[in-house]
1. Between residue 265 and residue 114, what FRET efficiency comes out of the Förster formula 1/(1 + (r/R0)^6) with R0 = 22 Å and r the beta carbon distance, rounded to 0.05?
2. Starting from the Cα-Cα distance between residue 12 and residue 163, subtract it from 0.36 nm times their residue separation and give me the gain in nm to one decimal.
3. Mind pulling the angle between the C-alpha long axis of helix 231-240 and the longest principal axis of the chain? Nearest 10 degrees, somewhere in 0 to 90.
4. How far apart, in nm, are two points set 7 Å out from the Cα along the Cα-to-Cβ line at residue 207 and at residue 81?
5. With both bridge residues required to lie in segment 2-144, what share of the DSSP beta bridges run antiparallel, to the nearest 5%?
6. Could you identify which residue out of 84, 121, 224 has the top mean-square fluctuation in a GNM of the chain using Cα springs shorter than 10 Å?
7. Among 46, 260, 122, which one shows the highest mean-square fluctuation when the chain is modelled as a Gaussian network with alpha-carbon springs under 10 Å?
8. Measuring from label point to label point, each 7 Å out along Cα→Cβ, what is the residue 132 to residue 25 span in nm?
């Protein structure tokens, strides 16, 4: 039986992936480890085929820059170095599209790396350090997913969900964004591990997401109708709310499908199915 170690206990992606693998594969044993104190350094990595590194600082006061680098960069490198020395074959690092520093636009193969905050900068610096460890015996996987959503997911989906269930009238905004449903992300991770792949990946849903359609689908799954009005008001909302949650979810930020193409089909769920499962239950 092959073994996977999830570094980053209690993370949303980690707990979701562990449950996914229990349901979809009997060939893997999964362990989790907490990296919050130095005791993890005593853990024996030598029995693992793959390590999924999820430990990270995401939403903290930007005055705590040093903590971002300590966790997102230095801890990731230290974990990977220990893994390589122990003979682990594959190290999977969760990075972020924040390495591009964009709030709107299209991310392509030629988009420059200009991270704008400590989170994006620390993740990008971690990518560069980890790349120095890669060789034929130590396969490195770097993932830059867009917004991840699903049942009980933290972050912007939870905030948008609360807003959707509280209001019934929304500004008419035509936008599209790259997102990935947690079930599709877990399906992708399973394939990456089973195939022992290496490289840089930008997994996303097959369909770009329109925020108002997401709101409509959320409300529909709770038996609620939705009204959209005043296109001019929608444009004003997007223009004025420069750093709010609404700006993040209503803006246009997409990953070019050419750089997210993958030889194997990992999108097990359509957008409408993903919202239904997010609101009503498990896969």
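1. So the FRET efficiency works out to roughly 0.10.
2. Answer, rounded to one decimal: 52.2 nm.
3. 40
4. Placing both labels 7 Å along Cα→Cβ, they lie 4.7 nm apart.
5. Here the share of antiparallel DSSP bridges comes out near 5 percent.
6. 224
7. 46
8. Label-label distance for residue 132 and residue 25, simple model: 3.1 nm.
Just so you know, all these numbers are worked out from the coordinates, no wet-lab data involved. In this text, all values refer to a predicted model and were calculated from it rather than measured experimentally. Don't worry about glycine lacking a Cβ; one is built from the backbone with ideal geometry, like all the others, and counts go over all protein chains shown.
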